Amino acid sequence: MKRPDKDHYYLDIAAAVAKRSTCLRRHFGAIIVKADQIISTGYVGAPRGSINCIDLNDCPREKAGIPSGERYELCRSVHAEMNAIIHAARTEMLGATLYLACLAPETGERVTGVRPCKLCTRMIINAGIEWVVTDAPDGGVCRYAVQDWVKQDRGIWNNENISGY
């Protein structure tokens, strides 16, 4: 058996965390790591004390035919990245890496090429996390520099073509 590199090791842990997810559409798990120390974990689930979608066997977004990545305000769940960030101190997250794994609920197979949603991206930026790592379709990893997202966001908001406001 070949020993996994650190990125795959942490992605495997994030995938194990994802198995606790209560979303009917996707099972995400996130872990925040700094200096080879796991700081926090999170998975997709309803807010504490609320009823989970798997317990209701109901997804409002699925029922309405809303595509993935849209209308998250209708979702009952708190995202894995959000939960991991909520459970860590910002001082611990400064310069850290967030590992994000996704499992298909029907098969338990890893889903590759995922990225945090726009709201999670904002939270990751504010938390001071430096890198986000996900599974790549080729068996490797996708490594995103959070600073690049900040630069992209600046470009969007500095664009004079924004209308409607």
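Ignoring ligands, DNA and RNA, what percent of the 1.4 Å accessible area of region 40-87 is carbon and sulfur?
The computed percentage sits at 50.
Suppose accessible area is computed on protein heavy atoms with a 1.4 Å probe; arrange Lys151, Lys118, Lys34 from highest to lowest.
Sorted by accessible area, descending: Lys151, Lys118, Lys34.
Just to confirm, what accessible area per residue do you get for region 1-139 at 1.4 Å probe, in whole Å²?
Accessible surface, normalised per residue, equals 55 Å².
Under a crude label model (7 Å from the Cα following the beta-carbon direction), how far is Asp138 from His87 in nanometres?
Each label point is offset 7 Å from its Cα along the Cβ direction, giving 3.4 nm.
Give, in whole angstrom and from largest to smallest, the semi-axes √(5λ) of the equivalent ellipsoid of region 6-165, with λ running over the eigenvalues of the Cα gyration tensor.
For region 6-165, the ellipsoid semi-axes come out as 23, 22, 16 Å.
Scan region 80-128 for GluC sites (Glu not before Pro) in coil per DSSP, keeping those whose Cβ has at most 11 other Cβ atoms within 10 Å, and list them by number.
Glu106, Glu109
Taking 0.36 nm per residue of sequence separation and subtracting the Cα-Cα distance, how much length would be gained by fully extending the chain between Arg3 and Arg110, in nm to one decimal?
Length gained between Arg3 and Arg110: 36.6 nm.
For Arg48, put the label point 7 Å out on the Cα→Cβ axis and report which residues of region 68-109 keep their amide N under 19 Å from it.
76-90
The values are calculated or read from the model by the stated rules, or taken from the named source; none is laboratory data. Since we're looking at a predicted model, the values are computed, not measured. Here Cβ is always computed from backbone atoms with ideal geometry, including for glycine, and neighbour counts include all displayed protein chains. Quick note on the areas: whole protein, heavy atoms, side chains included, nothing else; ligands and nucleic acids left out. Shrake-Rupley method; radii C 1.70, N 1.55, O 1.52, S 1.80 Å.
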